[in-house]
1. Within segment 297-373, which trypsin sites (Lys or Arg not before Pro) sit in a loop by DSSP and count at most 16 neighbouring Cβ atoms inside 10 Å?
2. P(r) tail for segment 230-373, what percent of Cα pairs lie past 27 Å?
3. Once the Cα atoms of segment 1-154 are picked out, what are the Rg and Dmax in Å?
4. Can you pick out the pairs among K203/K262; K161/K262; K161/K226 whose Cα atoms lie more than 26 Å from each other?
5. Describe numerically, in nm with one decimal, the distance between label points set 7 Å from Cα along Cα→Cβ at E363 and at R25.
6. Hey, what do the phi angles of segment 186-192 turn into as Karplus ³J(HN,Hα) couplings, whole Hz, using 6.51/-1.76/1.60 and θ = phi - 60°, x for Gly and Pro?
7. No solvent, one uniform scatterer per C-alpha: report log10 I(q)/I(0) for the chain via the Debye equation at q = 0.06, 0.08, 0.09 1/Å, two decimals.
8. Give me the aspartates and glutamates in straight-line cross-link reach of K163: C-alpha distance below 15 Å, same-chain residues under 8 apart excluded.
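The values are calculated or read from the model by the stated rules, or taken from the named source; none is laboratory data. It should be emphasised that the depicted structure is a prediction, and the values quoted were computed from it without experimental measurement. Glycine also receives a Cβ, built like all others from the backbone with ideal geometry; neighbour counts cover every protein chain displayed. Just so you know, the surface numbers come from the protein's heavy atoms only, side chains and all, with ligands and any DNA or RNA stripped out. Shrake-Rupley method; radii C 1.70, N 1.55, O 1.52, S 1.80 Å.
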Amino acid sequence: MKIEQIELRRIALPYVAPFETSGWRELASHALLVRVEADGIVGWGESPVGTGPWYNEETSSTAWVMAQEHLAPMLLAAELTRPEDVAAVYARVRGNRMACAGFEFAVWDLFGRATGQSLRAMLGGQRERVEVGVSVGVQPDLDTLLRVVGDYVAAGYQRVKLKIKPGWDLEPTRLVRETWPDLRLQVDANSIYTLDHAAHLAKLDAYDLLLIEQPLAHDDILDHAKLQRIVQTPICLDESIVSPDHARWALELRACGVINIKPSRVGGLHAARQIHDMAAAAGVPVWCGGMLETGIGRAANVALASLPNFTLPGDISASARYFARDIVTNPFVLNADSTLTVPDRPGTGADIDVDFLDQVTVEKVVLRGTVAG
Ligand code: SMG
Ligand code: MG
């Protein structure tokens with residue numbers, strides 16, 4: 001198959017509430033959206049990049065340039081026999097994995113729609129529903145935190161992740177644990193601590209957490225291995241695992257007890273599935289992370305999370321947790337058992353709300369392949 005046309009869009013889609021981590025704050029999705037077309041069939045993908053290089057090195061602007069100058073032309077020149085081929089097309093690209101992933105997702109969706117297969121079936125997923133939780137950003141004060149967590153628990157979320165940072169770690173965690181003794185609880189530091197904080201981080205062991213996510217540097221594996229020998233709670237790597245090789249290094253060094261897999265962070269679903277398989281072979285559970293995706297990226301995450309070693313709840317909450325209105329007409333809703341239903345329609349199953357998407361589109365370009373002969 002040859003991709004004939006690629007449409008790129010940058011969007012600005014406000015969140016229902018600002019999202020604050022240990023190092024930055026986002027008010028809206030600034031994702032790059034990729035629409036690929038071949039033989040009259042269309043596939044969509046999302047690169048969930050942010051405004052600045054705070055989570056990783058990519059931004060909405062770098063992805064926009066990379067997509068037009070390199071990634072779209074490379075894909076338009078390629079002959080694809082299966083979605084896994086996209087990884088080989090982009091093997092020469094250094095970094096910029098979220099930008100690449102948007103194209104890779106779009107090709108999976110396209111192949112699924114062309115062959116009538118759901119993304120879940122294509123990936124080898126088994127579950128019809130996937131367990132999900134909610135990620136709660138840093139709040140202005142403890143009263144607000146209790147109210148926000150209480151609202152999510154009342155809405156049916158059975159697992160909560162708290163964003164932590166120095167000065168906002170032990171006390172919020174203790175308070176939430178004491179208020180909800182049976183809640184499945186975990187924390188995420190987004191790379192803000194160093195090994196010097198090891199004794200402090202070990203105090204989190206008192207709160208019966210599922211995991212402590214990415215406490216140390218975004219590109220570190222070795223110090224996390226040292227920390228895991230001091231802290232009893234499983235360390236979970238997020239930012240540090242950008243490829244199957246990084247997963248292998250972390251597994252060999254026993255740097256973590258759990259891996260957060262975000263297909264966007266690792267360049268796409270093919271790499272994500274490889275990491276899933278390696279972790280399964282090593283007896284290390286995984287879960288699906290989130291980048292506050294729209295309904296397009298969310299559908300890919302939900303399909304991935306149906307694979308067997310995704311045994312912990314994902315950061316793939318219902319659409320309403322993020323947006324007053326999503327850019328799909330079939331947004332995800334939370335089931336009473338804290339799950340989302342995995343779509344079984346061809347491709348991702350996402351139906352694009354083109355009218356609303358047009359309203360939130362900031363820039364749009366269309367690129368075509370050169371016609372042979
Ligand atoms: O998608 O629900 C979501 C957000 C999950 O906390 C979340 N993501 O490090 O895991 C993480 C963060 C990155 C957010 S970047 C704005
Ligand atoms: Mg994280």
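1. When the trypsin sites (Lys or Arg not before Pro) of segment 297-373 are filtered for loop state and at most 16 Cβ neighbours within 10 Å, R325 remain.
2. So the portion of pairs separated by more than 27 Å is 32 percent.
3. For segment 1-154, the Cα radius of gyration and maximum Cα-Cα distance read 18.2, 56 Å.
4. On the way: K203/K262 28 Å; K161/K262 16 Å; K161/K226 24 Å.
Correct reply: K203/K262.
5. Calculated label separation equals 2.6 nm.
6. Using θ = phi - 60°, the values come out as 8, 10, 9, 9, 6, 6, 8 Hz.
7. -0.21, -0.37, -0.47
8. Here the aspartates and glutamates satisfying the reach criterion relative to K163 are E20, E26, D141, E171, D188, E213, D238, E239, D315.
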